[in-house]
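*Asks:* Handing you a structure now.
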Amino acid sequence: MTDRPTPRRRDAGRTRAALLAAAAELFAERGYAQATIRDIGERAGVDPAMIARYFGGKAQLYVAVLQEETGDEELADLGDAERLRGLVGRAVRQGPGPLYQVALHPHDDVKANEFSREELHRRIVTPLARRLAAEGVEQAQARAELLTAAFAGVLIGRTSGALPELAALDEESLAALVTRLVSSME
């Protein structure tokens with residue numbers, strides 16, 4: 001008999017949850033492109049190869065993070081002041097995530113780009129376009145896309161260093177200005 005150590009059993013649920021949490025943090029902190037598989041695995045305390053095992057790759061992990069946030073729930077549109085304040089608050093605390101970045105600049109990863117666009121439409125564009133169309137607003141889809149681009153631009157521009165006054169605004173002031181912007185463009 002040999003005294004081989006007993007292999008450690010994996011807890012798939014815990015590993016998956018740790019990867020999702022670590023990825024969510026890193027995507028929010030650094031954006032999709034700068035959050036590496038290695039860093040995600042390290043933060044989760046697991047072998048980075050587990051990303052491929054549980055999700056298929058970084059792009060699929062990214063989509064899983066986005067879907068984990070809301071599931072299949074129907075989302076309020078940007079015209080909803082509470083939702084808008086929540087989105088602005090999150091961007092102030094964590095920076096604009098990859099979802100907003102794809103509105104202004106495509107990701108290098110084709111799959112991540114496709115998934116990001118689909119999720120951007122599901123979360124932001126479609127609810128707004130649906131409400132605008134129901135209200136009889138002309139070019140509802142185009143307006144929804146314009147508002148989404150403006151919103152994403154504000155969030156990204158705030159962190160770029162090019163707009164210091166915008167960057168200096170606290171969460172409440174920024175949310176109030178963005179709410180007025182969205183209302184004026186609807």
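No lab work stands behind these numbers, since they all come straight from the coordinates. Just so it is clear, the model here is predicted, and its values are computed rather than measured. Methodologically, a virtual Cβ is constructed for each residue, glycine included, from the backbone with ideal geometry; neighbour enumeration extends over all protein chains shown.
*Asks:* Which residues among region 71-104 fall inside the zone where the amide N is under 13 Å from a point 7 Å beyond the Cα of ALA150, along Cα→Cβ?
*Replies:* From region 71-104, the list is 78-79.
*Asks:* Which of the peptides 17-29, 130-142, 109-121 is most tightly packed, and how do the rest follow, judged by the mean count of other Cβ atoms within 10 Å per residue? Intermediate results must be reported in sequence, preceding the final value.
*Replies:* Numbers: 17-29: 19.6, 130-142: 13.5, 109-121: 17.5.
Sorting 17-29, 130-142, 109-121 by mean packing, highest first, produces 17-29, 109-121, 130-142.
*Asks:* Place a point 7 Å from Cα of ASP170 in the direction of its Cβ. Which residues in region 74-93 have their backbone N less than 20 Å from it?
*Replies:* Answer for region 74-93: 82, 84-93.
*Asks:* Classify region 42-91: rounded, prolate or oblate, from the alpha-carbon gyration tensor (a ≥ b ≥ c, eigenvalue square roots; a/c under 1.5 rounded; otherwise prolate if a/b is larger than b/c)?
*Replies:* prolate
*Asks:* How far apart, in nm, are the 7 Å Cα→Cβ label points at GLU135 and GLU74?
*Replies:* Label-label distance for GLU135 and GLU74, simple model: 1.7 nm.
*Asks:* Further question: With a/c under 1.5 counting as rounded, go ahead and sort region 58-121 into rounded, prolate or oblate using the C-alpha gyration tensor (a ≥ b ≥ c being the square roots of the eigenvalues; past the cut-off, prolate if a/b is larger than b/c, else oblate).
*Replies:* Verdict is prolate for region 58-121.
*Asks:* List, largest first, the extents of the alpha carbons of the chain along their principal axes, each in whole Å.
*Replies:* 78, 36, 29
*Asks:* I need the peptides 55-62, 79-86 ranked by packing, meaning the mean over residues of other C-beta atoms within 10 angstrom, with the highest value on top. Show your work: numbers first, answer last.
*Replies:* Working: 55-62: 19.1, 79-86: 15.6.
Final packing ranking: 55-62, 79-86.
*Asks:* Taking a label point 7 Å from the Cα of GLN60 along the Cα→Cβ vector, which residues of region 28-48 have an amide N closer than 16 Å to it?
*Replies:* 37, 48
*Asks:* Separate question: Please say if region 139-186 is rounded, prolate or oblate, where rounded means a/c under 1.5 for a ≥ b ≥ c the square roots of the C-alpha gyration tensor eigenvalues, and otherwise the choice is prolate for a/b larger than b/c and oblate otherwise?
*Replies:* Since a/c reaches 1.5 but b/c is at least a/b, the shape of region 139-186 is classed as oblate.
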